[in-house]
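Throughout, read-outs are computed from the coordinates displayed, never taken from laboratory work. From a predicted model like this one, the values you see are computed outputs, not experimental measurements. Cβ atoms come from the backbone with ideal geometry, glycine included; neighbour counts cover every protein chain shown.
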Amino acid sequence: MEDTGQRVVPARPHHKLTDDGRRMREVLSYSRRGSRFTPRQAEAWAAHHERYVIPDTVVDREGFAFEEWFGRSAPLIVEIGSGVGEATAVLAAARPEANVLAFEVWRPGVADTLWRLEEAGAHNVRLCGVDAVWSLEHLLGPASITELWTFFPDPWRKARHHKRRLISAEFAELATSRLVPGGVWRLATDWADYAEQMREVLDAAPGLSGGEVPRWEERPVTKFERKGLALDRTITDFRYERVAPSSPSIASSSST
Ligand SMILES: C[S@@+](CC[C@H](N)C(=O)[O-])C[C@H]1O[C@@H](n2cnc3c(N)ncnc32)[C@H](O)[C@@H]1O
C-alpha cells in the first residue's frame, strides 16, 4: 500500500499489562493531535518521506538499528519533539558530520519538517514518529547519544497533568544513561514553573552536571519561542553534561 503519511498508528504502545492481562493506562508526554495534512504537507510527504522518515513499523524488526537508516556510522544527536522542524533543519545542516535523529509523533509536523530539511540541505536527519521515551528505552543503547535536544517540550500546564511532562526524574535517569560520557543535553522552555521543574530534576540527577545558561545562540527561534516572547514569558535555556557513567543498574536496562 502506498504510504501517503495519513494512516494513523499508535505512537508505540508501551506494552505494559496489568497482572490480569489488561493494558495499563499510560502516561504519555504528548496528546494526539489532528493528523490531516494540508496540501503543502501532503506534497512534501509524497516528495521526501522516503529519504527522511523511518517508517513506524520497522522498529519492530529483529535487529533494528537506527544507524542503518542513516547509511553511515556517525556521532548521534537526538531531538525529542521536533515539531515542524524549525530548529532541526538549521542545527542539523550546521552539523553535517553528525546523524540527527528527530522524534516527533505529530505527523503534520513531520511533513512540514520535510520541506525545511530539503531547503536547508539537512540530509543527515532522519525522522521517527514513534514515542521518543519508549524509543530511548528500547531502541537506543546506553552511551549511544552525543547530544540530546528537548526544546519547548509540551508544558502540560494544569497541575493534574504535570505527570505528563517529559522532564521527570525517571526520564532524566533514562536520558543520562543514553548519553555518552561528556555528552550534552540542551533544553529550553518558556514556562517558568516547568523551568523550575527542569532545574530541580536535572540538578538532582545522578551523572549530570550543568544548569541554566544564556540562550543558546545557535538555536533558531521557533513558533513556540515566538509565542512565549509575545506573551512576555521568560525563555530559559539549560545545558547539562553527562559527567560519569551512571550506576550499573541503569546501564544494564539497555535495549530489549
Ligand atoms: C510544544 S512542541 C515544540 C516543538 C519544537 N521543539 C519547537 O520548539 O517548535 C512539543 C512537541 O513534542 C512532541 N512530543 C511530545 N512528546 C513526545 C514523545 N514522547 N515522542 C515524540 N514526540 C513528542 C509533540 O508532538 C509536540 O509536537
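For the chain, a crude dipole built from +1 on the beta carbon of Lys and Arg and -1 on the beta carbon of Asp and Glu, taken about the Cα centre, is about 760 debye to the nearest 20.
Considering only GluC sites (Glu not before Pro) in DSSP loops that have at most 16 other Cβ atoms within 10 Å, the longest stretch of the chain without any of them is 98-216. Normalised by the number of residues in the stretch 135-187, the average gap of Cα pairs under 8 Å and 6 or more apart makes the relative contact order 60 percent. Looking at the stretch 20-108, the trypsin sites (Lys or Arg not before Pro) that sit in a DSSP loop and have at most 16 other Cβ atoms within 10 Å of their own Cβ are ARG22, ARG25, ARG32, ARG33, ARG36, ARG61, ARG72.
Close amide H pairs (under 5 Å, H built 1.01 Å from N) link VAL213 with ASP237, PHE238, ARG239, residues at least 5 positions away or on another chain. For n ≥ 4 DSSP H runs only, could you compute -39500 (n - 2.57) per run for the chain, divide by its residues and tell me the 222 nm figure to the nearest 500? Taken over the chain, the calculation gives -9000 deg cm²/dmol. Is the shape of the stretch 39-251 rounded, prolate or oblate, going by the alpha carbon gyration tensor and its root eigenvalues a ≥ b ≥ c, with a/c under 1.5 for rounded and a/b larger than b/c for prolate? Oblate shape, in that a/c is at least 1.5 and b/c is the bigger or equal ratio. When the Cα positions of ILE167, ASN99, PHE66 are compared along the charge dipole of the stretch 39-251, ILE167 comes out farthest toward the positive end, with charges on each C-beta of Lys, Arg, Asp and Glu.
Set the Förster radius R0 to 22 Å, insert the Cβ-Cβ distance between ARG199 and ARG226 as r into 1/(1 + (r/R0)^6), and round the FRET efficiency to 0.05. The computed FRET efficiency comes out at 0.40. Each part gets one Cα centre, and for the stretch 145-185 versus the stretch 63-104 those centres are 17 Å apart. With K and R counted +1 and D and E -1, the other residues having a Cβ less than 10 Å from that of GLU79 yield a net charge of -1.
Legend: calculated FRET efficiency, ALA192 to ASP19, from the Cβ-Cβ distance at R0 = 35 Å, rounded to 0.05, equals 0.30. The Cα atoms of the stretch 72-140 give a gyration tensor whose axes a ≥ b ≥ c have a/c of 1.5 or more with a/b no greater than b/c, which makes the shape oblate.
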